[in-house]
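Asker: Here it is, the structure, as structure tokens.
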Amino acid sequence: MFRLRLFLLLLTVGLAAGEAFAQPRIEWEIANRFRLFKQEKQFRKLAEVFAALPAEDRKERPAFAFEDAMQRAAAKGTLGRAFGDRVSIARYGWTSAVTRETCFENGNHGHWKCKLDTGDQFMEPRVADVLARIADLPPALAGQSCRWVAAELTVVAPCATEVRLARRAFDKPFDITVTAANAPVAETRSVRLRHVAIVGFGDSFSSGEGNPDKPVELVDDSPSSYQASSSTNGRPRNYPRRLGGDHQRLGHPYARAIWLNSQCHRSLYSQHVRATLILALAHRDLAVTLTPYSCTGAEVQAGILGYYAARDDEESFYDASPQLMRYWRDYCSSRVGYSRFNNRGRGFDWQSELRDCKERARLKPDAVLLSVGGNDIGFSSVIAEEVVAKGDYGPFTEMLYELWLSQVATKTFDEARQAVRDLIPNRIGELSDAFRRHLDLPSSAIIQTGYPQITRSGGGSSVCQPSDAGMDVHRILAISKDDTGREAATFVPFLNQNIAAAVAALPEGRRWRFVDSHVERFAGHALCTAGAPADAPDRQISGAMQFPTYVGFKKPHHFLWEPFAPSEWRAYRPRNRWFVTPNDAFLTGHYMRVAPIGRGRTPYPPQDKVQPLLAATLGGSFHPNASGHSAIADATIPVLREVLKLPQP
């Protein structure tokens, strides 16, 4: 013992004299910094992948580089036991192992009931476990035992191992000291665990539409004809079948796509999840609580402030309540008045009926992420006008419009521009009023993202040309007009500029931040962009624009498809396009329904001719894919850091 103390003394003297040994120091981090994930072991693997990224990537494009690295790791099967079966993860992507281990619980329609493995309530963050280690440990201490003291907590462990300092309180500074044989080894003063709460509101461009956490399971055998609803080269189209699907049912329940929230098509691939996850990965002293509420199809009035059913055929845990009501269900200490999930056709005035919370919960938001405006002006109606063929498909087209748009009218670009002028200023103003009344944070802490370019295929004036590339899932879908690509490329900045102007026109003190630095980054990654990076796994399949076509079989139970079999599709491999095509939507989300639309209508059988179109359009086509969401998140992260007063890398 005397020799050890003497060694430490000589070591200290040697260091002071500039010897080769570095001074031992304590490194520490919060163990699970993204509290939406209940499983610490899964976050630890994510942190390992993020830490291995090149420093330039972590600085300039952290979300995009992280997503690329995670999907490559999933393809190689190197994510480990925390992510379960490696074959399943390789096929479905890494979030398929995480989505059922989060603090969003359908059963209680929110996050408020969840408890983390530390015993901490999700909506009442008080403590977190800290992992600590000694960096530059002197060789003489490698086999010795060290005593760690953190406030009232004492841990004794081998000096060379990482220790867990359990249940350390947020925002209560404490010191950490390490000794060996009663001699000091290292210390760090005023350790402080930070916590931030971030709320996500918005539409399908922030819910993650088109990117289910676990894609559908399609099989190669017994392809379905759907009553020969489409044709290729004059032959009836045979479509891939969901596992267990036949003329009586859509398929096994476990074979359908799985979402964080199936009614809203809310996904862990969304830009809001990605931006906040990167904050948690990059800042080791910061724990992040994200409560996402975005919902596909949402508008300001129908969705954020008013009732909106989204996928109205969702039977389990149905919830059509406004996003602001869902917010109070989590952030108010009493849920009385916030658990009316269905308005049953009655009108709803948020100003008089959305009650103010009398007793706010301990947790308050530090920032709000927002994406809204596209549905308010009917952008999906413009897409339908541009990519759905008319002609001799009259009744069939009308059926699609009614299911896709809940209407039979489409909009031209000129009509959409007029809708932008007429509606956007008032909708932004109304939303500002609601946020001022219901959100306990400054407007400058609200960050809205603009909509990305969808048809700009390259630099300059390059745009997507007339083609059915990525849309040959059905003969009714294609870019058929010469000016569609150009019109879309000019409409997107027009919409963004008008949203930004409406925000800037708000009274002083009520203006929020508008981010659009990502918009033109999508040039060259448009809806029509084929191919994948040369080193991407399964690049020939993931970069393909053709829909798989059934061409027969060589022998029984050996079915042939071109250019690839449906079971070989990998939804989240790196690819050049950053949007979900109709082909992608069919193969990934495969949204189908048997429930009728409106009263007095008959159900749609599993083999009805409309089902392939529902799978191709309501499955999230024309939305950003996982890479696109990551690119938007990268534009959001620096602004979010500024709002939260976090250091930039």
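Asker: Taking the conditions exactly as written (assigned to a helix (DSSP H, G or I) and at pLDDT 95 or above), does Glu487 satisfy them or not?
Answerer: yes
Asker: Kindly indicate whether Leu640 is at pLDDT 95 or above and part of a loop (DSSP other than H, G, I, E, B). Show your work before the answer.
Answerer: On the way: at pLDDT 95 or above: yes; part of a loop (DSSP other than H, G, I, E, B): no.
When the stated conditions are applied, Leu640 does not pass them.
Asker: Residue under question is Gln263, and the condition is that it be within 27 Å of Trp94 (Cα to Cα) and in contact with a strand residue (DSSP E or B) (Cβ under 7 Å, 6 or more places away or on another chain); does it hold?
Answerer: On the way: within 27 Å of Trp94 (Cα to Cα): yes; in contact with a strand residue (DSSP E or B) (Cβ under 7 Å, 6 or more places away or on another chain): no.
So Gln263 fails the test.
Asker: Starting from residues that are in contact with a His (Cβ under 6 Å, 6 or more places away or on another chain) and not in a strand (DSSP E or B), keep the ones in segment 272-297 and report whichever is nearest to Leu46 (Cα to Cα).
Answerer: Applying the filter and picking the extreme gives Arg274.
Asker: When you scan segment 305-313, do you find a residue that is touching a residue at least 12 places away in the same chain (Cβ under 8 Å) and assigned to a helix (DSSP H, G or I), even just one?
Answerer: Taking every residue of segment 305-313 in turn, none turns out to be touching a residue at least 12 places away in the same chain (Cβ under 8 Å) and assigned to a helix (DSSP H, G or I).
Asker: Of Met70, Met123, which residue is touching a residue at least 60 places away in the same chain (Cβ under 8 Å) and surrounded by 16 or more Cβ atoms within 10 Å (Cβ to Cβ)?
Answerer: So the residue among Met70, Met123 that is touching a residue at least 60 places away in the same chain (Cβ under 8 Å) and surrounded by 16 or more Cβ atoms within 10 Å (Cβ to Cβ) is Met123.
Asker: Can you tell me which residue among Thr581, Thr636 is in contact with a strand residue (DSSP E or B) (Cβ under 9 Å, 6 or more places away or on another chain) and either among the β-branched types (Val, Ile, Thr) or more than 30 Å from Ala73 (Cα to Cα) (or both)?
Answerer: Thr636
Asker: Scanning for something hydrophobic (A, V, I, L, M, F, W, C), more than 27 Å from Leu277 (Cα to Cα) and buried (at least 23 other Cβ atoms within 10 Å of the Cβ), does segment 593-611 turn up at least one residue?
Answerer: no
Asker: Condition first: modelled with pLDDT of 95 or more and crowded, with 20+ Cβ neighbours inside 10 Å. Now tell me which residues in segment 138-157 satisfy that.
Answerer: Result: Cys146, Trp148, Ala150.
Asker: Is it the case, given these coordinates, that Ala160 is modelled with pLDDT of 95 or more, in the same structural domain as Pro24 (by TED's automatic domain parsing) and farther than 25 Å from Val288 by Cα?
Answerer: yes
Asker: Another question, then. In segment 307-348, what residues are closer than 22 Å to Asp376 by Cα and in contact with a Leu (Cβ under 9 Å, 6 or more places away or on another chain)?
Answerer: Arg311, Pro322, Gln323, Leu324, Met325, Tyr327, Phe348 - these are the residues of segment 307-348 that are closer than 22 Å to Asp376 by Cα and in contact with a Leu (Cβ under 9 Å, 6 or more places away or on another chain).
Asker: hydroxyl-bearing (Ser, Thr, Tyr), touching a Ser or Thr at 6+ places or on another chain (Cβ under 8 Å), under 30 Å from Gly458 (Cα atoms) and touching a residue at least 60 places away in the same chain (Cβ under 8 Å), is that true of Thr549?
Answerer: yes
Asker: If you don't mind, there's one more thing I want to ask. If the requirement is being basic (Lys, Arg) and over 17 Å from Ala505 (Cα atoms), which of these qualifies: Arg436, Arg427, Arg456?
Answerer: Arg456
Asker: In segment 511-554, which residues are of a type in the set (Lys, Arg) and at pLDDT 95 or above?
Answerer: Correct list: Arg511, Arg513, Arg521.
Asker: Evaluate the following for Glu162: is it over 37 Å from the mean Cα position of the chain (by Cα), of a type in the set (D, E, K, R) and surrounded by fewer than 19 Cβ atoms within 10 Å (Cβ to Cβ)?
Answerer: No, not satisfied.
Asker: Go through (1) farther than 20 Å from Ala255 by Cα; (2) of a type in the set (A, V, I, L, M, F, W, C); (3) in a helix (DSSP H, G or I) for Phe622 and report which single condition fails.
Answerer: Of (1) farther than 20 Å from Ala255 by Cα; (2) of a type in the set (A, V, I, L, M, F, W, C); (3) in a helix (DSSP H, G or I), only one is false for Phe622: (3).
Asker: Hey, does segment 588-609 have a residue that's aliphatic (A, V, I, L, M) and touching a strand residue (DSSP E or B) at 6+ places or on another chain (Cβ under 7 Å)?
Answerer: no
Asker: Kindly list, by first and then second residue, each pair from a residue in segment 163-180 that is at positive phi to a residue that is small (Gly, Ala, Ser), limited to pairs with Cβ atoms under 9 Å and residues at least 6 apart or on different chains.
Answerer: Note: pairs meeting the criteria are Arg167/Gly119; Arg167/Ala128.
Asker: Of (1) in a loop (DSSP other than H, G, I, E, B); (2) surrounded by fewer than 18 Cβ atoms within 10 Å (Cβ to Cβ), Ala526 satisfies all except one. Which?
Answerer: (2)
Asker: Restricting to segment 548-578, and then to whatever is charged (D, E, K, R) and out of contact with any strand residue (DSSP E or B) (no Cβ under 8 Å at 6 or more places or on another chain), can you tell me which residue is farthest from Val219 (Cα to Cα)?
Answerer: So, considering only residues that are charged (D, E, K, R) and out of contact with any strand residue (DSSP E or B) (no Cβ under 8 Å at 6 or more places or on another chain), the one farthest from Val219 (Cα to Cα) is Arg577.
Asker: Right, here's the next one. Given the residues Val473, Val492, which is the only one that is under 27 Å from the mean Cα position of the chain (by Cα) and at pLDDT below 95?
Answerer: Val473
The values are calculated or read from the model by the stated rules, or taken from the named source; none is laboratory data. The structure displayed is predicted, hence computed values, not measured ones. FYI the Cβ positions are ideal-geometry reconstructions off the backbone, even for glycines, and counts take in every protein chain you see.
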